[in-house]
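The values are calculated or read from the model by the stated rules, or taken from the named source; none is laboratory data. Values in this document were obtained by computation on a predicted structure and should not be read as measured data. Quick reminder, even Gly has a Cβ in these numbers, built from the backbone with ideal geometry, and neighbours come from all protein chains shown. The accessibility values were calculated without ligands, DNA or RNA, using every heavy atom of the protein model including side chains. Shrake-Rupley method; radii C 1.70, N 1.55, O 1.52, S 1.80 Å.
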Amino acid sequence: MLVQILYLSAKLRNTKIASAVRDTLILLFPIMLLGSFAEVIKFAFLTKNGYMARMFGITTWLPYNNELSWIMGVVFHCTIEMIALYAVYGAAYYTAKEYGQNTARAGAVGLLAYLVIAFQPTADGIPNFSPFLMSQGMLIAIIVGYLCSRLLTAFENSKLDQRYKIVSPILIIMIISALINLLGMAMLKMEVPTYVASFVVDHSQSHALLYVLGLGVLTNLLAWMAVGGPFTNSPTFSDAPSMANMNAALKAGSSWNVPYKFTDTTLFHSFANFGGSGVVLALIIAILIFSKKSKNRNVSKWAIFPAIFNNHYPMMLGIPILFNPVFLVPFVLVPLVNMLIAALFIILHWIPAVAYPVPSGTPGPLIAFIGTNGNWLSLILGVALLVLDVFIYLPFVKLSDRISQKAGEIDEN
């Protein structure tokens, strides 16, 4: 059975669509890595409320820290916050390359189509693309790029007059893109996302633990698919439950008896987000210790700095984790295990719930420790969970190495 799985996985890696996606992710990796370094430096080191800035008072003694923060912000906005644009171009470009067609034209048409789809002007006519341009839009961007390229290829291989082989597919793509844009605008006007979110919240208040576990699993599943999930990557402490918990903790002098023990802050962000979605910090450690694949080890070395501050983007593209069936199970399972164990500790009254705000960019294993005002068992639990997570990832790291080896054997044959 394992041999068949290895052979099938290796075969799938060599399909045209898989090759196009893989080449696109390779293209995106250095862009995302640069943006991740810029994001961490800006928010953890050069922002007054950043973890490293508060630890070492960086903003008080570093010359030109405001200018450096500005530059890091520009790099961050032009990389991570626009990564979907690079993705749609890459997907269209490499799909055309796989089919032997004009790559530059395909990339340009795919980019134009995605911009038409993503453009949602405000009431004042100001352009508004977010969040379609960010990492949450990567899956849609890759699909758009692939489909645009395939349509251009179909027309190029048809028997139509040469004049129509270029104009006709572009016209069709623009019409479809405009219709999708109108559909998206109609959904926003009807406030469909708001109604869905309200429905979920209203029907989950009596089952807080199941609500957090379920949305935590959904968040990681969607992150694996390059789609934005319900939980963000860092705790905000500004939602109603977090504010209520903080007020109760301040009045009582501790967070042992806060009203909301199971929230995204107390479970997901505090124990299931070490290194970002999927607890990728554990994956990095597992790869550096156990993997024999030099490419994965090199990616992990580059990615460990942003992962310490809960930025998972380089690993998602560099390994890649995105769309990779080998890492789907641990990517969803590891955070769920962490949340279940942490919830058990809270239920048994062994650790308090996280209620106090933590600086932005606080390393994952320290969030619970700082957020409980220095509860040492919370810190020990966080470290123990990280070790457990490494061993959960271990067999999947070895499986990934074997699949890569098998793929190389197939390529040689």
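Numbers at a glance
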read-out: Filter result for Ala282 (under 21 Å from Gly371 (Cα atoms) and either in contact (Cβ under 8 Å) with a residue 12 or more places away in the chain or in contact with a Pro (Cβ under 8 Å, 6 or more places away or on another chain) (or both)); value: no
read-out: Number of the exception - Thr59 against (1) in a helix (DSSP H, G or I); (2) among the hydroxyl-bearing types (Ser, Thr, Tyr); (3) under 25 Å from Pro314 (Cβ atoms); value: (3)
read-out: Subset of region 220-234 (residues that are open to solvent by 30 Å² or more (accessible area, probe 1.4 Å) and either closer than 16 Å to Ala272 by Cβ or over 22 Å from the mean Cα position of the chain (by Cα) (or both)); value: Leu221, Leu222, Trp224, Gly229, Pro230, Thr232, Asn233, Ser234
read-out: Pairs with Cβ under 7 Å, 6+ apart, first in region 142-163 and on the phi < 0 side of the Ramachandran plot, second outside any helix (DSSP H, G or I); value: Leu152/Gln101; Thr153/Tyr99; Thr153/Gln101; Glu156/Gln101
read-out: Residue in region 93-103 that is more than 29 Å from Phe237 (Cβ to Cβ) and either among the small types (Gly, Ala, Ser) or touching a strand residue (DSSP E or B) at 6+ places or on another chain (Cβ under 7 Å) (or both) present; value: yes
read-out: The lone exception for Asn338 - which of (1) among the polar types (S, T, N, Q); (2) closer than 26 Å to Phe391 by Cα; (3) at pLDDT below 95 it fails; value: (3)
read-out: Condition check for Val383: open to solvent by less than 10 Å² (accessible area, probe 1.4 Å), part of a helix (DSSP H, G or I) and either within 27 Å of Ser135 (Cα to Cα) or aliphatic (A, V, I, L, M) (or both); value: no
read-out: Members of region 272-297 found to be part of a loop (DSSP other than H, G, I, E, B) and either at negative phi or surrounded by fewer than 24 Cβ atoms within 10 Å (Cβ to Cβ) (or both), listed by number; value: Ala272, Asn273, Phe274, Ser291, Lys292, Lys293
